[in-house]
1. Going through region A:191-217 one residue at a time, which ones are charged (D, E, K, R), in a helix (DSSP H, G or I) and either over 29 Å from residue A:169 (Cα atoms) or open to solvent by 10 Å² or more (accessible area, probe 1.4 Å) (or both)?
2. Counting just the residues of region A:279-294 that are open to solvent by less than 10 Å² (accessible area, probe 1.4 Å) and either touching a Ser or Thr at 6+ places or on another chain (Cβ under 8 Å) or within 14 Å of another protein chain (Cβ to nearest Cβ) (or both), which one comes out nearest to residue A:255 (Cα to Cα)?
3. Can you tell me which residue within region A:1-40, out of those that are acidic (Asp, Glu) and either over 24 Å from residue B:137 (Cβ atoms) or not in a helix (DSSP H, G or I) (or both), is modelled with the lowest pLDDT?
4. Residue by residue through region B:131-167, note down the ones that are among the basic types (Lys, Arg) and either open to solvent by 40 Å² or more (accessible area, probe 1.4 Å) or under 15 Å from the mean Cα position of the chain (by Cα) (or both).
5. From the list A:479, A:455, A:497, A:448, which residue is outside any helix (DSSP H, G or I) and not hydroxyl-bearing (Ser, Thr, Tyr)?
6. Across region A:1-26, what is the total count of residues that are more than 7 Å from every other protein chain (Cβ to nearest Cβ) and not β-branched (Val, Ile, Thr)?
7. Is it the case that some residue within region A:581-590 is buried (at least 18 other Cβ atoms within 10 Å of the Cβ), modelled with pLDDT of 80 or more, assigned to a loop (DSSP other than H, G, I, E, B) and among the β-branched types (Val, Ile, Thr)?
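The values are calculated or read from the model by the stated rules, or taken from the named source; none is laboratory data. No experiment lies behind these values; they were computed from the predicted model shown. In this analysis, Cβ positions are derived from the backbone assuming ideal geometry, glycine residues included, and neighbour counts consider all displayed protein chains. Each accessible area value is taken on the protein alone, full model and side chains, heavy atoms only, with ligands, DNA and RNA left out. Shrake-Rupley method; radii C 1.70, N 1.55, O 1.52, S 1.80 Å.
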Amino acid sequence: MDDNQFEQQMKLLKKTYERVPSKFIADEVLQKIEEEGSEPVEVKPVTKPVASKWQKVSVWAISLASIFLIGILSASFLNNEEQGDEPVSEFDTNDSRKLEKEYKAERVKRQKILHMTNEQFDELGFVQFADQVFAQTIHPDSIESRYSTFTIEERFEQAVNYLKLPSEIIEEAQKAGKLDEEKSMQFLDELNTKLDYLKNSYDELISKHHEIMSTAKYEGELNADYLYGHRSQMPEPIENALVQAPKQGVAIEVAHDKKSFVANFQMSSVIRNLEGVLAEPAVSYLEIKELGPFTLGGELLYEPIQSAAYLQLIESTLLKTNVHNAIYTTTKAYYEDLAYTLIFESSNNRIIENSKIKLDYAMAWDILRATQGYSPIKHFIEPLYNSMVENEWLINETYKSLDFNDLSHAFILAESGDLAGLMPGKEHVFRTESYSLPNDDLYHKVHAHYKMVRATGDFQKLESASAIEIVALLDYASALGEIYLMHSLYKESSQLASYEEFSNANLQEPNFIPLDATQIRFLEELTYEKNNEFHTSVEIMKDEQLIKSIPLIRSKNGPWQIVYEESVVPAGYYYEPNTAISQETKDRVIGLYEKFKLDFNFAVLEKANASDIAGVYLEAFHESDLETQYELLVKDESLMPPREEFISSPNEGGMDWKVQFEAYEVTQMNDSNENDEFDAVVWFDLHYSLVTEDESRKGFQMRKTKEGWRVHFMPFQ
Amino acid sequence: MEEIELIERAQSGDKMAYGELMDLHHRTVEKFGFQCGVRADDVQDVTQEVFIKLYRFLHQFQKERFTTWLYKITLNTARDYYRKELREKDKEGKVQEDVNFGVSTKSAESKILVFEEDRELHEAIQLLEEKYRIPLVLFYFQELTFEQIGDVMNIPLATVKTRLLRAKEQLKSALSQKGDDEYGR
């Protein structure tokens, strides 16, 4: 059946529905309403029930569903047959007027924070809801004021709570301290709903001013930075939105199709502010919210491989959640839509070409089938994947008969813990863990492993040791001079010398874990399965900076083994290993920039390493902040212009380093001089979309001076 | 009289105004109920219950969102109607959230779905999961916009579009298969 036929049949059916008979008589309904005594406004002098159902309404819940719920609960008052003796009314019209005045002031306060017009503010969903709650609960004739066991002040406070902006509820949550999972998810629901309403409001505003906003172009393309830089040329509501929206967790950005601006969630500062407050996996929901949506009109919004990684994130978040509320449901919808779009062909999403699965989708499926542990998507796709590999990715009956409901079933089983029974041999689940250094607990574990291996000589017994423990064992062996043990902990490879060469040529690395390391950690998301082996990395940190990354491999039934890598950096040279620019990095750099620019106090940057200082400079560059840039420069007069000339030079801001680059590595370039000063280069890897045949990374020149890290004038030259 | 004015008057307790509102909208409720799976014989009961509930909540919502609430309440009433029935009859087996509302009586249904193609399509729609069925019905038969559908179902716009596409594909596939079965392919 083609689309035309389908549409035609639907039209015919629609006409057919006109035959649905009608015997409706409005008077009958009105009579029933009279009999039930249901009055929308006028309150009969009925008496106070024994218990108020209002108590069951969560203070936090504010989704549309809860509007409906409150409606149902309110309606249940009207039908309540428990009757007491006397009517109750606790306040009069004067009190009501006073509260109305106070409530109005609360509204004005929030409207001013947002810098919104009356119309914009009045149309915000959570404001409308708050208004309704206020109207229902405060008016002396309202049902709630008669029946509620809350005081009028408590009910007023509740109405004001519903008015609060995301920034306010986040601040309150920070002060309240750590929330358990249930409260975290309730908080998320409230935050999520308010953010959604704000986003909708800003999207409407953008739509209204679409024409003038489409002039905000840089090099012929819409550009959010350019829009922000020229906001004074925009209508006032847009200018206000550009400044105020980010404070509430919403940013105005260029849409995926690059044809317009849209309001998107900007969760990085929200997540940063809620660190230590929300329980896991609540934080992940915010990350997912920022990344979403993942599909639109049946099409993927990200590349298949990236989409597969996001699907894994969403799945693990959902499975870790015990509280299934509105945000869980929305995220579950994302999961289903994304899984479906990644696997099934549709008119809007072609994954088959010449009767074969396209390569990028095959690679995405490869990622999914390598998901660790008892994963529904892994369980669902692994048989298909294996079948397609055998069939050289030609469409076969296995694909044609694939039933998406099986994924839903697998998910239900995973939630109940029953999927394990269907996935024998998939018991390898690697959990994120970390230790601060030095660490007694880790030391005792490592010592136990050492004694066992020394006593038995059986390295297979190290199967139960975690990746961190293996790394720490190598470091321990190094400290004890146990070369044989050290060599045995490495995986055999062409790079690893024989034991004789290893011991004779002094190829061991002193201080395998650097002495100044403060933390060792293992992140489960760095682990993946390939060719029946697990690959991962253990990260060594110094004060939240990554200083070393150690790769490890294990077979399904073997211990972790360290992958031997020859050092490319001369001993004693400053080096920062290749590191992805994570959200954590971006947040840290922005935080340093915000503090430093206030009064250029270098104490703020004292512990920052070279890559962070480079990031601060680039952030200043992006923000057209010439003064901060100047302060970070190497003060060598022969190489740079005077301050006044520098800060008055024309500058429209630079590209966003957070978008332009995806990783960095820092290498020292020359020996230290008598003052322990030396030059270094921060190698920034370009985002894959910017890589050309000639260029994949940019070198950013810096110098370690007596005063700390500084940037060379024209650092990219 | 403008509908908004009718709603305002009804919210103030004017029952005549509410009566006029019901006259304006009862066909929407009847048809939507049937399209969602309410049996032909039960459409009138469900419609009455929708308007009784709507009256109870009339002052709870903004008048501009009257239509959204009409659809929401119809949907919930239809679901509740059959849940209550199943509880009262104390049927065995699991009661699913996503219940397709009972078995049609041939005579009442056949008076509406006269042609076989209509009957097949209607039944195929009823076999869709609710999350796909409702957006399809709201879009094709109630002519709501994506935004309105999202509002009724409390789902994001993107999800509305995806589900509509999914619903359409499943429906087309189901109808094609049925055609193949019939012709022995």
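1. Answer for region A:191-217, where residues must be charged (D, E, K, R), in a helix (DSSP H, G or I) and either over 29 Å from residue A:169 (Cα atoms) or open to solvent by 10 Å² or more (accessible area, probe 1.4 Å) (or both): A:196, A:199, A:203, A:204, A:208, A:211.
2. Start the filter on region A:279-294 by keeping residues that are open to solvent by less than 10 Å² (accessible area, probe 1.4 Å), which leaves A:281-282, A:285-286, A:288, A:294.
When the remaining residues are screened for being either touching a Ser or Thr at 6+ places or on another chain (Cβ under 8 Å) or within 14 Å of another protein chain (Cβ to nearest Cβ) (or both), the result is A:281-282, A:285, A:288, A:294.
On the way: A:281: 28, A:282: 27, A:285: 22, A:288: 18, A:294: 13 Å.
Among those residues, the one meeting the criterion is A:294.
3. First, pick out the residues of region A:1-40 that are acidic (Asp, Glu): A:2-3, A:7, A:18, A:27-28, A:34-36, A:39.
Applying the additional criterion that residues be either over 24 Å from residue B:137 (Cβ atoms) or not in a helix (DSSP H, G or I) (or both) yields A:2, A:27-28, A:34-36, A:39.
Details: A:2: 76, A:27: 89, A:28: 89, A:34: 83, A:35: 79, A:36: 70, A:39: 46.
Among those residues, the one meeting the criterion is A:39.
4. Answer for region B:131-167, where residues must be among the basic types (Lys, Arg) and either open to solvent by 40 Å² or more (accessible area, probe 1.4 Å) or under 15 Å from the mean Cα position of the chain (by Cα) (or both): B:131, B:133, B:161.
5. Values: A:479 fails: outside any helix (DSSP H, G or I); A:455 fails: outside any helix (DSSP H, G or I); A:448 fails: outside any helix (DSSP H, G or I).
After ruling out the rest, the residue left standing is A:497.
6. Of region A:1-26, the ones more than 7 Å from every other protein chain (Cβ to nearest Cβ) are A:2-5, A:7-8, A:11, A:15, A:18, A:21, A:25.
Filter once more, so that each one left must be not β-branched (Val, Ile, Thr): A:2-5, A:7-8, A:11, A:15, A:18, A:21.
The total comes to 10.
7. For region A:581-590, residues buried (at least 18 other Cβ atoms within 10 Å of the Cβ), modelled with pLDDT of 80 or more, assigned to a loop (DSSP other than H, G, I, E, B) and among the β-branched types (Val, Ile, Thr): present.
Here's the yes/no breakdown for (1) open to solvent by 20 Å² or more (accessible area, probe 1.4 Å); (2) over 27 Å from residue A:217 (Cα atoms); (3) touching a helix residue (DSSP H, G or I) at 6+ places or on another chain (Cβ under 6 Å):
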{"residue": "A:615", "(1), (2), (3)": "no, no, yes"}
{"residue": "A:627", "(1), (2), (3)": "yes, no, yes"}
{"residue": "A:633", "(1), (2), (3)": "no, yes, no"}
{"residue": "A:642", "(1), (2), (3)": "yes, yes, no"}
{"residue": "A:650", "(1), (2), (3)": "yes, no, no"}
{"residue": "A:655", "(1), (2), (3)": "yes, no, no"}
{"residue": "A:659", "(1), (2), (3)": "yes, no, no"}
{"residue": "A:675", "(1), (2), (3)": "yes, yes, no"}
